[in-house]
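Participant: Structure in structure tokens, see below.
The values are calculated or read from the model by the stated rules, or taken from the named source; none is laboratory data. Every value quoted in this text rests on a predicted model; they were computed, and no experiment measured them. Counting neighbours? That spans all protein chains shown, and the Cβs are built from the backbone with ideal geometry, glycine included.
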Amino acid sequence: MSILGPGWTSLFYLVAAVCFILALKGLSSPRTARRGNAIGAAGALVAVVTVFLSAKLENIPLIIAAIAVGSAVAVPVARRVQMTQMPQLVALFNGVGGGAAALVAVLELGHSGDPWVRLAVVFTMLVGAVSFAGSAVTVGKLQELISARPLLFPGMPVVMGVVVLGAVAAGGVVVVTGSVGWAMALLVLGLMAGLLLVLPVGGADVPIVISLLNAFTGLAVAASGIVLGNVLLVVAGTLVGASGTILTKVMASAMGRGVTGIMFGAFRGGSTAGSTVQSDRPVRSSSPEDVAVQLGYAQRVVIVPGYGLAVAQGQHTIAELATALAARGVEVVFAIHPVAGRMPGHMNVLLAEANVPYECLKELEEANPEFPNTDVALIVGANDVVNPAAKSTPGAPIYGMPILEVAQAGQVVFLKRSMRPGFAGIENELLFDPKTTLLFGDAKESLTRVLGAVKAL
């Protein structure tokens, strides 16, 4: 027996929907992201409680048990996950959401003979399965369980075409007949499509694919709302689908490429592919003490963080270094590239964790005009986002991508573990520029030694 009537149910659903909208608004800025996340969680709680109080549920003990098991797994994982593994967690959440929507659609298939509802079921199953399988591949690539390079085989485009046509045919049969057997075939074809869609994607393109799959999951959830007759699922799924689509286009623009080029560029050699090849060309290396002198006697320093900083967990050390330089009268800002790291906003979150003031974070458009007036550009764990090949080498995978113009600074200092290229798999000619200095080693250890030397000046 339901406790809430239709009027109260609609009201609480409206409250939850408003919370979701406010959450997305809050997540658009690092300054308000924490509050936005809390508002979104509150909206989800309101939605779940409203379902319990308004719907005529069966098997409540099983539902509560499932929630308890999920919470017991999710809470420790979320608390213990390292910042470098956050993209994998996000991708995993995407996949689980899409998979859950697909399973719900399968279970609801026999409850309606309306062809339009069956069409929503087919859409949910197919898109949810693609999101689940594709997200699993992105997790494997980011976790280095499988190669980050594009994985291709002869005739792959043909196989992809056959799978897509097969999925369309199977979906048509399900809409007309409601056949569970054909629905299972559609589910398998959707999983195959997800694998084939993401396997050819390599290196730096993976975060963009995660965003795209997030949009897929949102669309699958919205369609499942139609299947279940739940307006809130339609609203929430549409919000996720729309925001994921917008984010995908923004990230693709930041890479200077189209979404189709990112997804299918490997078939013509245009996808960013990881590389393990190291250069043996001579470079000018330095010591922590020399780097400290460069930084300590500069008037303006711009720090460019990258994935290497996250891997080394050096965000707190670099924040302390910025504070020490500021105490010496040095102006210090951080230049953030839109696709630095492994997910949107990765560097913003990393530096916020170290309590770096938001005012010190400069986006690409704001940072680039200031480099000619910068004495030292300090690049920590970044490579492709400052690689001049994006402007000078038409055949390069990153050609056309807007970069941080660190080459315009008076001096450039790279903190690198080795001469291994970035995810694009190409050398950075800036490393061999006469005004560039390299400090090799773990980013956190190098920063700690530089910090000590700065304090000793």
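Participant: Looking only at residues in the stretch 219-236 that are free of Cβ contacts under 8 Å to residues at least 60 places away in the same chain and under 15 Å from Gly128 (Cα atoms), which one is surrounded by the fewest Cβ atoms within 10 Å (Cβ to Cβ)?
Facilitator: Selected residue: Val234.
Participant: What are the residues in the stretch 372-403 that are out of contact with any strand residue (DSSP E or B) (no Cβ under 9 Å at 6 or more places or on another chain) and aliphatic (A, V, I, L, M), if any? Give the derivation first.
Facilitator: Taking the stretch 372-403 as the starting set, the residues that turn out to be out of contact with any strand residue (DSSP E or B) (no Cβ under 9 Å at 6 or more places or on another chain) are 372, 384, 387-403.
Of everything in the stretch 372-403, those that are out of contact with any strand residue (DSSP E or B) (no Cβ under 9 Å at 6 or more places or on another chain) and aliphatic (A, V, I, L, M) turn out to be Ala389, Ala390, Ala396, Ile398, Met401, Ile403.
Participant: Please state which of the following conditions Lys141 fails to meet, knowing it meets all the rest: (1) in contact (Cβ under 8 Å) with a residue 60 or more places away in the chain; (2) assigned to a loop (DSSP other than H, G, I, E, B); (3) not β-branched (Val, Ile, Thr).
Facilitator: With respect to (1) in contact (Cβ under 8 Å) with a residue 60 or more places away in the chain; (2) assigned to a loop (DSSP other than H, G, I, E, B); (3) not β-branched (Val, Ile, Thr), Lys141 is out only on (2).
Participant: What number of residues within the stretch 198-222 are more than 22 Å from Thr238 (Cβ to Cβ) and part of a helix (DSSP H, G or I)?
Facilitator: Step one: filter the stretch 198-222 for residues more than 22 Å from Thr238 (Cβ to Cβ), giving 198-207.
Imposing the further condition that a residue be part of a helix (DSSP H, G or I) reduces the set to 198, 203-207.
Going through the stretch 198-222 one residue at a time, the tally reaches 6.
Participant: Would you say Gly181 is closer than 27 Å to Ala44 by Cβ and either aromatic (Phe, Trp, Tyr) or part of a helix (DSSP H, G or I) (or both)?
Facilitator: Working: closer than 27 Å to Ala44 by Cβ: no; either aromatic (Phe, Trp, Tyr) or part of a helix (DSSP H, G or I) (or both): yes.
In short, no.
Participant: Here is a further query. Quick one: Lys362 ticks every box in (1) part of a helix (DSSP H, G or I); (2) charged (D, E, K, R); (3) touching a residue at least 24 places away in the same chain (Cβ under 8 Å) bar one, so which box is it?
Facilitator: (1)
Participant: Separate question: Go through the stretch 324-341 and count every residue that is crowded, with 19+ Cβ neighbours inside 10 Å, among the small types (Gly, Ala, Ser) and over 24 Å from the mean Cα position of the chain (by Cα).
Facilitator: 1
Participant: Another question, then. Name the residues in the stretch 91-123 that are within 30 Å of His346 (Cα to Cα), of a type outside the set (Gly, Ala, Ser) and surrounded by 23 or more Cβ atoms within 10 Å (Cβ to Cβ), would you?
Facilitator: Our first condition is that a residue be within 30 Å of His346 (Cα to Cα); within the stretch 91-123, this holds for 91-102.
Checking which are of a type outside the set (Gly, Ala, Ser) leaves us with 92-94, 96.
Passing the criteria: only Asn94.
Participant: Among the residues in the stretch 64-84, are any closer than 30 Å to Ala310 by Cα and touching a Lys or Arg at 6+ places or on another chain (Cβ under 9 Å)?
Facilitator: Step one: filter the stretch 64-84 for residues closer than 30 Å to Ala310 by Cα, giving 70-84.
Add one more test, that the residue is touching a Lys or Arg at 6+ places or on another chain (Cβ under 9 Å), and what stays is 84.
The answer is yes; a qualifying residue exists.
Participant: Just need a number here: residues in the stretch 375-391 that are surrounded by fewer than 24 Cβ atoms within 10 Å (Cβ to Cβ) and either more than 24 Å from Lys249 (Cα to Cα) or outside the structural domain of Ala312 (by TED's automatic domain parsing) (or both).
Facilitator: Of the residues in that region, 1 qualify.
Participant: Can Ala105 be described as within 17 Å of Asn230 (Cβ to Cβ), part of a helix (DSSP H, G or I) and either assigned by TED's automatic domain parsing to the domain that holds Ala183 or not aliphatic (A, V, I, L, M) (or both)?
Facilitator: Numbers: within 17 Å of Asn230 (Cβ to Cβ): yes; part of a helix (DSSP H, G or I): yes; either assigned by TED's automatic domain parsing to the domain that holds Ala183 or not aliphatic (A, V, I, L, M) (or both): yes.
In short, yes.
Participant: Would you mind listing the helices (runs of 4 or more DSSP H) fully within the stretch 259-352 where at least 2 residues are within 19 Å of Pro30 (Cβ to Cβ) and at pLDDT below 90?
Facilitator: Working: elements: 259-264, 288-296, 307-312, 315-327.
Filter on the stretch 259-352 gives 307-312.
Participant: Only one residue in Met184, Met192 is under 19 Å from Met125 (Cα atoms) and either surrounded by fewer than 17 Cβ atoms within 10 Å (Cβ to Cβ) or without any contact (Cβ under 8 Å) to a residue 12 or more places away in the chain (or both). Which one?
Facilitator: On the way: Met192 fails: either surrounded by fewer than 17 Cβ atoms within 10 Å (Cβ to Cβ) or without any contact (Cβ under 8 Å) to a residue 12 or more places away in the chain (or both).
That would be Met184, the only listed residue that is under 19 Å from Met125 (Cα atoms) and either surrounded by fewer than 17 Cβ atoms within 10 Å (Cβ to Cβ) or without any contact (Cβ under 8 Å) to a residue 12 or more places away in the chain (or both).
Participant: Of these, Leu431, Leu404, Leu447, Leu439, which one is in a strand (DSSP E or B), modelled with pLDDT of 85 or more and in contact with a Leu (Cβ under 7 Å, 6 or more places away or on another chain)?
Facilitator: Numbers: Leu431 fails: in a strand (DSSP E or B); Leu404 fails: in a strand (DSSP E or B); Leu447 fails: in a strand (DSSP E or B).
Unique residue meeting the criteria: Leu439.
Participant: Return the residues of the stretch 137-149 that are surrounded by fewer than 23 Cβ atoms within 10 Å (Cβ to Cβ) and out of contact with any Lys or Arg (no Cβ under 8 Å at 6 or more places or on another chain); say none if nothing qualifies.
Facilitator: Passing the criteria: Val139, Gly140, Gln143, Glu144, Leu145, Ile146, Arg149.
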